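Working notes for the structure below.
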Amino acid sequence: MLPRESHQSHILISTEIEAEFQRLELELKSHRVVNFIREKFLVEDAKAVIAEAYISESQMKYIVLGAGEFNTVSQNALLKVLEEPPRNTAFIIISPTKSNLLATIRSRLPILHGESFHEIRNIDFSLARVDYGQIFSFLKENARVKKSDAKLLVEALYHRATVVDMLILSSSQLENFDMAYRLLELNSRPQSVLAMLLMGFVGEK
C-alpha cells in the first residue's frame, strides 16, 4: 500500500517511470488515473495536463506526469495548477532525479522516493578537504559526461557535502548548486558546471 501522504499530490523520484506508473495504477484502481508519460515533457504536454485537470470530477482523480526530462517552460506552465489544484484532483510527478525539476516545483509538492536503479555516483574524496589535484582528476574522469548524468553528479556532490562530510554549506555554495541545475537545463557544458561547483569548496575551510 502507498503511505497515506502519497495519496495526495507529490513528486516521486524513480528511474523506473513506467513500472512506477503501473504500480500506481494498480494501487489507485478505484480512482480515475490519467497518465502523461513521456520521454521529454514539453509545453504542449503541460497544456494537456491543465486541460485534463479542469475536467470536473465527483471523486478523486490522479494525474500522473512522468518523464526523463522536463523543460523549464512546461514546468512554469504547471505552477498555478499545482499550487491551486482543482477539486478532487491530485498530481503525481515521476522523475528519475529531483534536479530535473525547478525549485519552484519542488517547493510545492512533497518528495517521495521509489525504485531507482541509476545509483547516485560515489564521490570518493572529501569536499571538506578537496584540492586542485582532486578537482582536475574528477573533471578529467567526467570530461564526456552527458547532461542527465551530470545532474546525477550534482546530486552526488550535494549528498557528499551535506550527508557524508556533514558540511554546513555557505550561501554561495547553496547558490552554486541551484545555479548548476539551471545551467545544465540550459545545456551549459557539464564539465564547466562541475568545475564551478567544486571550486566553490576550495578555500572554504
Exercise. Applying the selection to the stretch 77-109, what residues are in contact with an Asp or Glu (Cβ under 7 Å, 6 or more places away or on another chain) and either under 17 Å from ALA180 (Cα atoms) or in the same structural domain as SER148 (by TED's automatic domain parsing) (or both)?
Worked result: THR97, SER99, ASN100, ALA103
Exercise. Only one of these conditions is not met by LEU169: (1) exposed (fewer than 13 other Cβ atoms within 10 Å of the Cβ); (2) modelled with pLDDT under 90. Which number is it?
Worked result: (1)
For this session: State all residues of the stretch 56-79 that are without any contact (Cβ under 8 Å) to a residue 60 or more places away in the chain, touching a strand residue (DSSP E or B) at 6+ places or on another chain (Cβ under 8 Å) and either exposed (fewer than 14 other Cβ atoms within 10 Å of the Cβ) or not in a helix (DSSP H, G or I) (or both); if no residue qualifies, say none.
Result: GLU57, GLN59, MET60, LYS61, TYR62, ILE63, VAL64, LEU65, GLY66, ALA67, PHE70
For this session: Might you check whether a residue that is surrounded by fewer than 18 Cβ atoms within 10 Å (Cβ to Cβ), in contact (Cβ under 8 Å) with a residue 60 or more places away in the chain, not hydroxyl-bearing (Ser, Thr, Tyr) and not in a strand (DSSP E or B) occurs anywhere in the stretch 42-53?
Result: no
For this session: Answer yes or no: is there a residue in the stretch 21-28 that is of a type outside the set (Phe, Trp, Tyr), in a strand (DSSP E or B), crowded, with 16+ Cβ neighbours inside 10 Å and under 20 Å from the mean Cα position of the chain (by Cα).
Result: no
Exercise. Do we find that MET179 is free of Cβ contacts under 8 Å to residues at least 60 places away in the same chain, assigned to a helix (DSSP H, G or I) and assigned by TED's automatic domain parsing to the domain that holds LEU153 in this structure?
Worked result: yes
Seminar exercise, completed: The residue from LEU169, LEU139, LEU184, LEU157 that alone is of a type outside the set (Val, Ile, Thr), touching a helix residue (DSSP H, G or I) at 6+ places or on another chain (Cβ under 7 Å), not in a helix (DSSP H, G or I) and not assigned by TED's automatic domain parsing to the domain that holds SER95 is LEU169
Exercise. In this structure, does THR104 turn out to be under 29 Å from ILE50 (Cβ atoms), at pLDDT 90 or above and either surrounded by fewer than 16 Cβ atoms within 10 Å (Cβ to Cβ) or among the aromatic types (Phe, Trp, Tyr) (or both)?
Worked result: yes
Problem set entry | Answer residue from the stretch 124-150, given it is surrounded by 13 or more Cβ atoms within 10 Å (Cβ to Cβ) and at pLDDT below 85 and is farthest from PHE70 (Cα to Cα) among those | ASP149
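Quick check on the stretch 187-201: of everything there that is assigned to a loop (DSSP other than H, G, I, E, B) and touching a residue at least 12 places away in the same chain (Cβ under 8 Å), which residue is nearest to GLN75 (Cα to Cα)?
Ranking the candidates gives ASN187 first.
The values are calculated or read from the model by the stated rules, or taken from the named source; none is laboratory data. Every value quoted in this text rests on a predicted model; they were computed, and no experiment measured them. Quick reminder, even Gly has a Cβ in these numbers, built from the backbone with ideal geometry, and neighbours come from all protein chains shown.
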